[in-house]
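Trainee: Sharing a structure below in structure tokens format, with a few things to ask.
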Amino acid sequence: MCQLLGMSSSANAAITFSFTGFAQRGGRTGDHADGWGIAFYERSGCRVFLDDQPACDSPLAGFVGRYPIKSKIVLAHVRKATQGEPMLSNCHPFQREWFGQPWIFATNGDLRDFNPPLRGPYRPMGSTDSEKAFCWLLQELRRRFDGRHQPPGWLEMAPCVAELAASIARHGNFNFLLSNGHGLYAHCSSRLVVLERRHPFPTARLVDCDLSLDLGVLNRRDDRMVVIATAPLTLDEPWSPLKTGESRLFVDGEAVWRHTHPDTRMFPPPTTHCGRGRIAADGPPVAR
């Protein structure tokens, strides 16, 4: 299955180091070689990079790993195709507009017999179950909040997202990340792990390549950051798993809401084949 990476930070931060390790799972330390993508929320919009080539060999991925784009919310994905051919329109993260905002979605898993009616403006451009789930999710959120003149806040919307996620997850394995740039929503069907970073910051070592970074030198005392992934990206840091059926909302680098749905099928965690080289973690928040 695919691999997910997300970040929520209290200040604009670069994720170049973590993404450098994460990209190796796209064909080198993992067999997720059917394309990749990453989205950065910035003040004026959302910057999205997609490529249907293996991330480990992609010149574009190499550029993203070197260019320190600063963002408070990042979503990334490396794909192992289960439904839909390896092509650009099937690469995550997917993007749609709602309430004049760019909504970004990335998932891993495999949905079966999931053919909901799509009656609104959202239609898949590719052939994946993942994009179909995103279109239906936004369609249902739009229907529930119909008549609003402005988008609902994340704390108001999170219970609805959790309910819809549980409905979709009855069709199979369904881990995902979702954001509109204000909050980062994570849902776990089988496996997601989360890492919270605060002062004192450690020296982090990446799992997938020989790279390390002293986060204490580059972060301030009040900085905080949350990193979410399918499998831990760094060694010697306290990654913790989400429960099956658990949903969490992260805002400004900390969890502000969580819920575990009682009626969610149990799926075995995905198999990963990640090397254990030395490595490092996210780029630090920049000074305010």
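The values are calculated or read from the model by the stated rules, or taken from the named source; none is laboratory data. This structure is a prediction, so every number in the text was calculated from the model and none was measured. Counting neighbours? That spans all protein chains shown, and the Cβs are built from the backbone with ideal geometry, glycine included.
Trainee: Does Val256 qualify as being surrounded by fewer than 18 Cβ atoms within 10 Å (Cβ to Cβ) and outside any loop (DSSP other than H, G, I, E, B)?
Mentor: Answer is yes for this residue.
Trainee: Of all the residues that make up the range 49-89, how many are closer than 30 Å to Asp113 by Cβ and surrounded by 15 or more Cβ atoms within 10 Å (Cβ to Cβ)?
Mentor: Here the count works out to 14.
Trainee: Tell me which residues, restricted to the range 89-108, are in contact (Cβ under 8 Å) with a residue 40 or more places away in the chain and assigned to a strand (DSSP E or B).
Mentor: Passing the criteria: Phe94, Gln95, Arg96, Trp98, Gln101, Pro102, Trp103, Ile104, Phe105, Ala106, Thr107, Asn108.
Trainee: Between Leu211, Leu111, which is over 20 Å from the mean Cα position of the chain (by Cα), closer than 21 Å to His32 by Cβ and touching a residue at least 60 places away in the same chain (Cβ under 8 Å)?
Mentor: Selected residue: Leu211, the only one of Leu211, Leu111 that is over 20 Å from the mean Cα position of the chain (by Cα), closer than 21 Å to His32 by Cβ and touching a residue at least 60 places away in the same chain (Cβ under 8 Å).
Trainee: Run Phe174 past the list (1) part of a loop (DSSP other than H, G, I, E, B); (2) touching a strand residue (DSSP E or B) at 6+ places or on another chain (Cβ under 6 Å) and report the number of the one that doesn't hold.
Mentor: Among (1) part of a loop (DSSP other than H, G, I, E, B); (2) touching a strand residue (DSSP E or B) at 6+ places or on another chain (Cβ under 6 Å), Phe174 violates only (1).
Trainee: Out of the residues in the range 102-111 that are of a type outside the set (Gly, Ala, Ser) and modelled with pLDDT of 95 or more, state the one that is surrounded by the most Cβ atoms within 10 Å (Cβ to Cβ).
Mentor: Ranking the qualifying residues of the range 102-111, first place goes to Thr107.
Trainee: Let me ask another. Hey, Pro152 hits all of (1) buried (at least 22 other Cβ atoms within 10 Å of the Cβ); (2) modelled with pLDDT under 95 but one; which does it fall short on?
Mentor: (1)
Trainee: Only one of these is of a type in the set (Ser, Thr, Tyr) and within 18 Å of Met1 (Cα to Cα): Thr203, Thr234, Thr230. Name it.
Mentor: The conditions single out Thr230.
Trainee: Can you name every residue in the range 71-88 that is out of contact with any Asp or Glu (no Cβ under 8 Å at 6 or more places or on another chain) and either of a type in the set (Lys, Arg) or not in a strand (DSSP E or B) (or both)?
Mentor: Hit for the range 71-88 is Glu85, nothing else.
Trainee: Here's another thing I want to ask about it. For residues that are among the basic types (Lys, Arg) and closer than 27 Å to Ala255 by Cα, scanning just the range 28-85, find the one that is modelled with the lowest pLDDT.
Mentor: Arg43
Trainee: Contact list please: Cβ distance under 7 Å, first residue in the range 59-85 and without any contact (Cβ under 8 Å) to a residue 12 or more places away in the chain, second residue hydrophobic (A, V, I, L, M, F, W, C) and outside any loop (DSSP other than H, G, I, E, B), pairs at least six apart or on different chains.
Mentor: Close Cβ pairs (under 7 Å, with a partner that is hydrophobic (A, V, I, L, M, F, W, C) and outside any loop (DSSP other than H, G, I, E, B)) amount to Leu60/Phe49.
Trainee: Continuing with the same structure: Give the residue, chosen from Ala186, Ala229, Ala281, Ala255, that is modelled with pLDDT under 90 and small (Gly, Ala, Ser).
Mentor: None of the others qualify; the one that does is Ala281.
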